[in-house]
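To start, the structure itself, in C-alpha cells.
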C-alpha cells in the first residue's frame, strides 16, 4: 500500500500515476476516447507553511487530499505528485469537460474549511494546468509535461486560475524545464 499511496494525503503517488497512467492511456486509445490530466498547485503554500508551521502545512495537505477524494469520480486517478503539487487523470473526458471539471475544483476548494490548533486557516486557492489526451501528448510523461507547462503559466498569470496547454504559445511549453 505504501508503495503506491502517499501516507500524508492518502492519494496515489507519482510512481502510481506514471504506471497506471500508461495503462489508462492504452485503454483510451483502444476505445478511441479522450482523457484529461490536471496538474494542480496549492497557491502560496510556502507562505502558508511559514505562517502556520510545517504541522499546519501537513494539516492543509491532508485536508486537500480528502477534498480530492471527495470530489473525484471513482475512475479518476488522484495523486500527490510531490510537495504541494497534485495531479488528476480524468478518464473519458474531453478537453471541454476537463477544463470545466478543473474550474469546478478550483471554485469548490475555496470553501474548504481547515482548522489547526483551534484557528481557521486562510482560504485555499489552487492553480491548475490542463492537458488533453491525445492532443497534448501520447504518453503520460508528455501529458505531465504539457499540464505542468500550463500550470507554470497559470501561476505566472496570478494564480487561482485554470490554463489549458492547448492555449499556450509554443514558446511557453519549454518554460518549466528552464525554471529548474
*asked:* Tell me yes or no: at least one residue of the stretch 65-72 is under 18 Å from residue 100 (Cα atoms), touching a strand residue (DSSP E or B) at 6+ places or on another chain (Cβ under 9 Å) and without any contact (Cβ under 8 Å) to a residue 24 or more places away in the chain.
replied: yes
Within the stretch 1-25, of all residues that are over 16 Å from residue 140 (Cβ atoms) and free of Cβ contacts under 8 Å to residues at least 40 places away in the same chain, the one surrounded by the most Cβ atoms within 10 Å (Cβ to Cβ) is 5
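Please tell me if residue 53 is touching a helix residue (DSSP H, G or I) at 6+ places or on another chain (Cβ under 7 Å) and assigned to a helix (DSSP H, G or I). First the steps, then the outcome.
Numbers: touching a helix residue (DSSP H, G or I) at 6+ places or on another chain (Cβ under 7 Å): no; assigned to a helix (DSSP H, G or I): yes.
Answer is no for this residue.
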The condition of being modelled with pLDDT of 95 or more, in contact with a helix residue (DSSP H, G or I) (Cβ under 8 Å, 6 or more places away or on another chain), in a helix (DSSP H, G or I) and closer than 26 Å to residue 107 by Cα holds, among 37, 17, 25, only for 17
When every residue in the stretch 92-114 that is modelled with pLDDT under 95 and touching a helix residue (DSSP H, G or I) at 6+ places or on another chain (Cβ under 8 Å) is compared, the one surrounded by the fewest Cβ atoms within 10 Å (Cβ to Cβ) is 112
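Restricting attention to the stretch 67-91, which residues are assigned to a helix (DSSP H, G or I) and surrounded by 14 or more Cβ atoms within 10 Å (Cβ to Cβ)? Talk me through it step by step, then tell me what you get.
Quick first cut of the stretch 67-91, residues assigned to a helix (DSSP H, G or I) only: 67-71.
Those that are assigned to a helix (DSSP H, G or I) and surrounded by 14 or more Cβ atoms within 10 Å (Cβ to Cβ): 67, 68, 71.
Looking only at the stretch 26-58, count how many residues are closer than 28 Å to residue 157 by Cβ and surrounded by 13 or more Cβ atoms within 10 Å (Cβ to Cβ). Break it down stepwise before answering.
Taking the stretch 26-58 and keeping what is closer than 28 Å to residue 157 by Cβ, we get 34-52, 56-57.
Now drop any that are not surrounded by 13 or more Cβ atoms within 10 Å (Cβ to Cβ), which leaves 34-45, 48-49, 52, 56-57.
Matching residues across the stretch 26-58 total 17.
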Picked from the stretch 150-167 (must be within 20 Å of residue 138 (Cβ to Cβ) and in contact with a helix residue (DSSP H, G or I) (Cβ under 6 Å, 6 or more places away or on another chain)), the residue surrounded by the fewest Cβ atoms within 10 Å (Cβ to Cβ) is 164
Within the stretch 144-158, residues modelled with pLDDT of 95 or more, more than 12 Å from the chain's Cα centre (by Cα) and either closer than 16 Å to residue 35 by Cα or not in a helix (DSSP H, G or I) (or both) come out as 145, 146
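From the list 123, 135, pick out the single residue that is modelled with pLDDT of 95 or more, out of contact with any strand residue (DSSP E or B) (no Cβ under 8 Å at 6 or more places or on another chain), over 18 Å from residue 12 (Cβ atoms) and part of a loop (DSSP other than H, G, I, E, B).
Details: 123 fails: modelled with pLDDT of 95 or more.
Every option except 135 fails the conditions.
The values are calculated or read from the model by the stated rules, or taken from the named source; none is laboratory data. No experiment lies behind these values; they were computed from the predicted model shown. In this analysis, Cβ positions are derived from the backbone assuming ideal geometry, glycine residues included, and neighbour counts consider all displayed protein chains.
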